[in-house]
Structures are given as structure tokens and as C-alpha cells.
Amino acid sequence: MIDFAAVGQSLDLLFSNFGPWLVVVPGIVLGLIFGATPGLQISMAMAIFLPMTMYMDFIQAMLFLTAIFTGGSFGAGIPAILMNIPGTSSAIATAFDGYPMARKGQHNQALGVALASSVIGALMGYVVLFFMIQPLSYMVLRLGPAEMFVVILWGMTLIASLKGEQVLKGLVAGFVGLLVGTIGFGEIGLARGTMGQTYLLDGVPVIPAMMGMFAASELFKLANKGFIVESADARKVKVSEIFEGCRMAFRYPVVMIRGGLIGVLVGAVPGVGSSVSNLLSYIETKRRDRDPDSFGKGNPKGVVASEAANSSSEGGSMATLLALGIPGGGATAVMLAAFAMHNITGGPQFIRQQTDVVYAIIFANFAQVFLLVIIGLLFIPLLANIVKVPMRYLIPSVLVLAVMGSFGLTGNMTGPATVLIFAVIGWIFRHYGYSVPAAVIGMLLGSLAEKSLLHSYQISGGDITYVFERPVTLAIFALLLISLFSQPLMKKLKARQEAAQS
Amino acid sequence: MSECKRDYGDFIVLTGLAGFTLWYLLDAIRVSATPQNLLLILPLAIIVLAIIALELFLRIKHGSLFRSSEEEPLHKTLPVVGLFAAYVLSLETLGFDIATVVFLALFLILKGERNWWLVGGYSVAFGLSVALFFSQMLPYPMTLLLLPS
């Protein structure tokens, strides 16, 4: 499983000169800045700086890009905790409990928890990648479109039922989100629901819509508050509390390990990646917890679950990229472009012939993770000061960043207009108790769900019995039904037990 | 907005979502009624409409079709929403630089900032620097009136 000769060669590649390491610190800082700025994506940072890698050798280019990836994965959690704005879709679940922690005055601890979980998650991802790169790529190949579709449905159902008391509204929000996600050209080249508008032909711009629904709508709600954290004492930035947060994360090793493993596995599935892994890990942690009602109200386990999963996804998506040459998401797609720029094609042959290069990338990422601890600790106190800013300054400033960032994503006024429209929709959804995360995830996964279903239909020739020949599909479908009906059933049983006792 | 109106709002949102679903389904059928086009949309739309019907049925059964919301009244937030809408709609006319400065200043005044030096200073400094940063970082042309594009 491990080629020890290649291990030695990879260490030579990394330590024979300092060249490869010169780009790591700037890469992490760039990743932190882009990840922590709402609207700027990690993939955007990588794409902007991709031309620079033409002047680097392949190892240096990969270290630079993976450093941006590593920094960005953690950076995205900072605005999620401090402003309830996930810097990217991979930090959505971080906001669920990170932001309530910040509002309780535990922003320092929440950031510490996020940093420690990110570091351990990323480390786990690359350790698993080191040992499992070949078996993992084999497993990914076994997942067909039918499994992908049921995984999406399962994830959607879990997210929609997060708000235990309003499951029906959650399901409506999630499924309408899925429908919105299919607007525009479908897989067979027909445009639906565009109302004749050309800018909808490629579908609703999902990231601006996400920024509107998550960020702007929440800011509207907070417009009448003085500060994110109402108590003046709680607004202090204390490095000691950030360290305390780091220690707090290690109190939940099971949550961390489970999140890390979910992240690696989901991250390895092309097209899904960290956007889904953080949510699955969060939901799984909440489902298994003794006190699920405490989630969404500032439970640090929620932050641990999300951050460990989204950071370890990096290792998973690198596995697919290196072993199959398939990008798992936007960031690895940019890396694939870097491969092409250096005339390298990922795949089994690349792993066999250039094992030393693959190991060098993995080892360099171990070092990057430790550098992230130092750089992260230096950056957090700077960024945590945001809680001291009065809301009347913070709200318009963040709205401006969201609008500018959305313009950056679409290159025209479609982005800002989408932020506005979905901000209003999100505000109304929040007001009437519809699940905003379910709607957003639905939009993110709509086209992927349709593509997976259509491919299954084409493979099976429209024969429904095809599903019964796919045991994994059936198993995931059973899980979907269990997760949908177990919660109300358990509640009924509990109520009956309590009634019998009294 | 009165308590009664808020209650109607919840009902309107639910029926609005049903309306959108029905419209989207009919539009998809109009474009093409082939199974490939409707494979996901048709069953999903039926499920959404069925859940909405069930939700309405349960509300009627419990006598709470127009049930009240405990959230803050919508009207308190409407001026902020209106200002944000005006900002987005004015970006192309006023330019990203001027529109941002004006939006920041008006928001601060709306939310009670009465130190005019702070209002002017912050709006100009933050608004122009953000507009400059994005105009330099992004590969697309941004409408700017004051700053060099």
C-alpha cells in the first residue's frame, strides 16, 4: 500500500531546497483572506493566482494552490461564526452553532474550536489520503448516479427536518429549493422557468442566492440590534479564550473523528465535496447526540463536526483528483488546470509513475496544517475584533461586501440582483419558520440531482427494477426513510412513556 | 403591519410557494413533456403540492389557518430592506463607488448615527476603498463614477 522508496524520494524533493516552501505562507494568508471575505471564494483565489503558477515548478505550484485551499477552508468559518455569513458553502453548518456561540459572547472559544477542528480535520484528510489513496479511488468508482441521487435526497431530507417542529415547512423549502436549482438549461438542453430572461439560462446564480438568503436576510433581522454580542464584557477578544476553544474541541474526539471521516468520504465524491460533507457531519452529530435540541443554540460540537468535515474534504477531493483526474469541486478544478499547465494528467498512471510527487504533495500538506495553526492564531485576534463593531456600521458594510462579491461571481448585475431577491425571500422564510439552509442546499444540488436521476434513467432504460439491483441505493434509501420518520416516532414514544409515568 | 396581517402573510407565503411550483411545472411541461425533461420536476412538484395541501389541511383541522407569528413585525425592518433595494438598483446609474458611499451614509443616519464626521468619514473611506479593491481585483469592468475604472 505504501511505496517506501517513493517516500524517500518525495522527502528529497521537498527538502533539497527551500523553493517549494517559499509559496506556502503567502498561499495560506491568501486563502484565509479570500475564505474570510464573504463573496470571495477559495476557487476564485486559486483561479486569480493560477497564472502565477506557470512560473513555478509542478511541486511548488501544487503547494501554493493547496496552501490557498487549506487557509481558505478554515477562513470560511470565521465570518460564519462572527457574522452568520459562511465565507463559502463549505462553512454553512459552522454558522448553525458558531454564530449562536458568538451571540452568547463565546466568539473567541468558537473561533478556537473551529481552528483546532480544521487543523485536525485537514490532517486526518491527508493521513487517510496517504494510506488509502488507491482503495478510496476504487470505492468512488463504485458509486453510480443512482447512489448519488439517493445520497442527495437523503441529505436534503436530513437538512429539511433539522427544525424538528416544522418538518413539513422544512421539506417544502428544501424541495422548492431543488426545483429552483433546476431552472435554466437542463441536461437535455431545454430551458425551463427562465421567463424569457437570458441571464437565467445557466440557472439561478447559486452563490449570490446563498449570500442573499443566509447573510443579507439575517442582517435585515439584526438591523434593530446594537451589537452582535449585546454584553460589553463578552465582546472582548481574549487569546486565552481562543486557546480554551482549541482545547474545547479536543473534548469531543468522536465528533471530530467522525466529521473527519465523513469529510474524506464525501469529499472524494466528484461534484459533492465539502459543501455537503459539513452538513452531513453536523446532522449526524446532532442525530446521535443525547441532547439534539441544544444544536443550533451554540453547541460547540456543531462547530467541531462542521469544521472537521469541511477541512478533511480537502484530502478526499485530492484523492479523486490525483487518482482519477476528476475534480471534486471548484478548487480542485483549478488544480486540474494547473496539472494541464504543467502537462500532467491525473489518474492511476500518474500515481504509479510519479508516486514521489504524490507523496511530496501529501507531506507538504502535513506541514501546511501546522503552519495554519500559527498563522490562524495570528489572524484570529485581528478578525475577532469584528464583534466590537456596532451593528449600524457592520450591517451596511457586510451588505456592501456581499453585493460586490456577487458582482465578482457573475461579472454583471445578475449577481447583486440575485442577492437582493433572495435576501427578501430569505427574510420572509426566516420570519415564517421555513428552513433557509434546506432551501439553499436544494438550490445547490438541484441540477446535480436531475443529472444523476437522468443518468440512472438512461442506464436502466427506464426500468424501475434496476434500483433493486443496487443494494447501496436501497440501503441509503432505507436510511432516508429512517431519518425522516424516526424523529416523530421517537417523540411520540417519549410522550407516551411520560404520560404513562405520570 | 397589524397582527392580523402577519397571520395572513404566512398563508400567502405557503400558497405563493404552491403557485410557483405549479407555474414551474406547467412551464416545464410546455417546453417538453418528455420523461427526460420531467423526470425530477414532475414528481418533486407533486410532492411539494401534496405537502402544502397536508400543511393546510392540518392547520384547518387545528383551527389555525392564519396562525400568528412570534417573530418581530416585518414593518420594523422594511426601511432597511427598501434602502438595500434602492442601493442595488442604483449601482449602474450612480456607479459602484458613489452608490456605496450614499448607501452607507443613509444607513448610518437611518440607524441613529448623529456624528456627521463619522457618517461622512466612514462612508467615504470604506465605500471608496471597497469599490477600489474590487474594481482592481475583479477581471470585469465595474461602473465607477469617481474612481478610475
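Details
- Note on region A:144-186: among residues that are at pLDDT below 80 and not in a helix (DSSP H, G or I), the one that is nearest to B:Pro35 (Cα to Cα) is A:Gly144.
- Test: residue in region B:76-85 that is loosely packed, with under 15 Cβ neighbours inside 10 Å, modelled with pLDDT under 95, part of a helix (DSSP H, G or I) and away from chain A (no Cβ under 11 Å): no
- Yes/no for A:Ser406 being part of a helix (DSSP H, G or I), crowded, with 23+ Cβ neighbours inside 10 Å and not charged (D, E, K, R): yes
- Evaluating A:Tyr457 against the criteria (1) touching a residue at least 12 places away in the same chain (Cβ under 8 Å); (2) within 10 Å of another protein chain (Cβ to nearest Cβ) leaves one unmet condition, (1).
- Among residues of region B:103-116 that are in the same structural domain as B:Val88 (by TED's automatic domain parsing), those with a beta-carbon under 8 Å from a residue that is among the basic types (Lys, Arg) and surrounded by 17 or more Cβ atoms within 10 Å (Cβ to Cβ) at least six positions away or on a different chain give the pairs B:Phe107/A:Arg392; B:Leu108/A:Arg392; B:Lys111/A:Arg392; B:Gly112/A:Arg392; B:Glu113/A:Arg392.
- So A:Val254, is it buried (at least 24 other Cβ atoms within 10 Å of the Cβ) and of a type in the set (Val, Ile, Thr): no
- Test: A:Val127 is more than 12 Å from chain B (Cβ to nearest Cβ), over 18 Å from the mean Cα position of the chain (by Cα) and at pLDDT 85 or above: yes
- Within region A:409-447, the only residue that satisfies the criterion of being assigned to a loop (DSSP other than H, G, I, E, B) and among the hydrophobic types (A, V, I, L, M, F, W, C) is A:Met413.
- Within region B:37-55, the residues that satisfy the criterion of being surrounded by fewer than 16 Cβ atoms within 10 Å (Cβ to Cβ) and either more than 7 Å from chain A (Cβ to nearest Cβ) or farther than 15 Å from A:Gly177 by Cα (or both) are B:Leu42, B:Pro43, B:Ile46, B:Ala50, B:Ala53, B:Leu54.
- Among the residues of region B:86-144, those that are surrounded by 14 or more Cβ atoms within 10 Å (Cβ to Cβ), of a type in the set (S, T, N, Q) and either in a helix (DSSP H, G or I) or at the interface with chain A (Cβ under 7 Å from one of its Cβ atoms) (or both) comprise B:Ser90, B:Thr100, B:Ser123, B:Ser135.
The values are calculated or read from the model by the stated rules, or taken from the named source; none is laboratory data. Since the model is a prediction, treat every value here as computed from it, not as a measurement. Every residue, glycine among them, receives a Cβ derived from its backbone with ideal geometry; neighbour counts consider all protein chains shown.
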